[in-house]
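Notes for the one structure printed next.
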Amino acid sequence: MNWNLGYLLAFGRQPFFTYFMAEVLYQIPKELLDLTLTGRWILTGVIIIVTSVVNMIFYKKKKYVPTEIAVIYFIIIGILFSFAV
(Lines give C-alpha, C1' and ligand atoms only; values in the text may rest on other atoms or scores of the structure.)
Protein backbone atom coordinates (compact mmCIF):
# COMPACT_ATOMS: atom_id res chain seq x y z
CA MET A 1 0.00 0.00 0.00
CA ASN A 2 1.16 3.49 -0.72
CA TRP A 3 0.14 5.27 2.50
CA ASN A 4 1.73 8.44 3.78
CA LEU A 5 2.48 7.82 7.47
CA GLY A 6 4.04 11.21 8.17
CA TYR A 7 2.40 11.46 11.58
CA LEU A 8 3.99 8.21 12.78
CA LEU A 9 7.32 9.09 11.17
CA ALA A 10 7.32 12.45 12.96
CA PHE A 11 6.97 10.76 16.35
CA GLY A 12 9.51 8.05 15.51
CA ARG A 13 12.17 10.49 14.45
CA GLN A 14 12.73 11.93 17.93
CA PRO A 15 11.13 9.69 20.55
CA PHE A 16 13.10 10.90 23.57
CA PHE A 17 12.34 14.54 22.84
CA THR A 18 8.64 13.68 22.53
CA TYR A 19 8.73 11.79 25.84
CA PHE A 20 10.59 14.63 27.53
CA MET A 21 8.18 17.24 26.21
CA ALA A 22 5.14 15.22 27.30
CA GLU A 23 6.56 14.60 30.79
CA VAL A 24 7.40 18.26 31.35
CA LEU A 25 3.96 19.32 30.13
CA TYR A 26 2.33 16.81 32.49
CA GLN A 27 4.45 16.95 35.65
CA ILE A 28 4.73 20.70 36.10
CA PRO A 29 0.96 21.44 36.05
CA LYS A 30 0.30 18.30 38.10
CA GLU A 31 2.62 19.50 40.85
CA LEU A 32 1.60 23.14 40.78
CA LEU A 33 -2.18 22.72 40.42
CA ASP A 34 -4.67 20.52 42.20
CA LEU A 35 -6.13 18.74 39.17
CA THR A 36 -9.23 16.60 39.32
CA LEU A 37 -9.69 13.55 37.12
CA THR A 38 -11.39 15.68 34.47
CA GLY A 39 -8.55 18.18 34.63
CA ARG A 40 -6.01 15.42 34.07
CA TRP A 41 -7.92 14.17 31.02
CA ILE A 42 -8.01 17.70 29.61
CA LEU A 43 -4.29 18.06 30.33
CA THR A 44 -3.62 14.76 28.55
CA GLY A 45 -5.54 15.98 25.50
CA VAL A 46 -3.58 19.23 25.47
CA ILE A 47 -0.29 17.29 25.71
CA ILE A 48 -1.26 15.07 22.77
CA ILE A 49 -2.15 18.08 20.65
CA VAL A 50 0.99 20.06 21.57
CA THR A 51 3.40 17.15 21.01
CA SER A 52 1.70 16.30 17.73
CA VAL A 53 1.92 19.86 16.42
CA VAL A 54 5.55 20.30 17.48
CA ASN A 55 6.58 16.96 15.97
CA MET A 56 4.78 17.69 12.70
CA ILE A 57 6.43 21.11 12.45
CA PHE A 58 9.86 19.55 12.96
CA TYR A 59 9.02 16.78 10.48
CA LYS A 60 7.83 19.21 7.78
CA LYS A 61 10.97 21.35 8.21
CA LYS A 62 13.13 18.20 8.22
CA LYS A 63 14.67 19.09 11.58
CA TYR A 64 15.13 16.99 14.67
CA VAL A 65 16.39 17.39 18.22
CA PRO A 66 19.38 15.13 18.88
CA THR A 67 19.02 12.83 21.87
CA GLU A 68 22.05 14.39 23.57
CA ILE A 69 20.48 17.86 23.49
CA ALA A 70 17.15 16.49 24.76
CA VAL A 71 18.96 14.78 27.66
CA ILE A 72 20.74 18.01 28.59
CA TYR A 73 17.42 19.92 28.58
CA PHE A 74 15.84 17.15 30.65
CA ILE A 75 18.62 17.33 33.26
CA ILE A 76 18.57 21.14 33.46
CA ILE A 77 14.80 21.35 33.83
CA GLY A 78 14.83 18.50 36.35
CA ILE A 79 17.42 20.26 38.50
CA LEU A 80 15.57 23.58 38.30
CA PHE A 81 12.25 21.92 39.11
CA SER A 82 13.72 20.08 42.10
CA PHE A 83 14.95 23.37 43.56
CA ALA A 84 11.59 25.05 42.93
CA VAL A 85 9.55 22.35 44.67
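Could you give the dipole magnitude of the chain about its Cα centre, charging the beta-carbon of Lys and Arg +1 and that of Asp and Glu -1, in debye to the nearest 20? With Lys and Arg at +1 and Asp and Glu at -1, about 440 debye.
Among the helices of the chain, those built from whole DSSP H runs whose Cα atoms reach 15 Å or more along their own axis and whose mean Kyte-Doolittle hydropathy is at least -1.0 are 15-32, 37-60, 67-84. Helical runs assigned H by DSSP (4 residues or longer) give the chain a calculated mean residue ellipticity at 222 nm of -27000 deg cm²/dmol, each run adding -39500 (n - 2.57) before division by the residue total. Compactness ratio for the chain: Cα radius of gyration over 2.2 N^0.38 Å (N = residue count) comes to 1.25. Once the 1.4 Å probe is applied to the protein heavy atoms, the chain comes out at 77 Å² accessible per residue. Given the stretch 38-82, what whole percent of its Cα pairs are spread farther than 16 Å? More than 16 Å apart: 60 percent of the Cα pairs in the stretch 38-82. Once the chain from VAL53 to VAL24 is taken as fully extended at 0.36 nm per residue, the excess over their C-alpha distance is 8.8 nm.
The values are calculated or read from the model by the stated rules, or taken from the named source; none is laboratory data. Note that the structure is predicted; figures quoted are calculated from it, not measured. Methodologically, a virtual Cβ is constructed for each residue, glycine included, from the backbone with ideal geometry; neighbour enumeration extends over all protein chains shown. Each accessible area value is taken on the protein alone, full model and side chains, heavy atoms only, with ligands, DNA and RNA left out. Shrake-Rupley method; radii C 1.70, N 1.55, O 1.52, S 1.80 Å.
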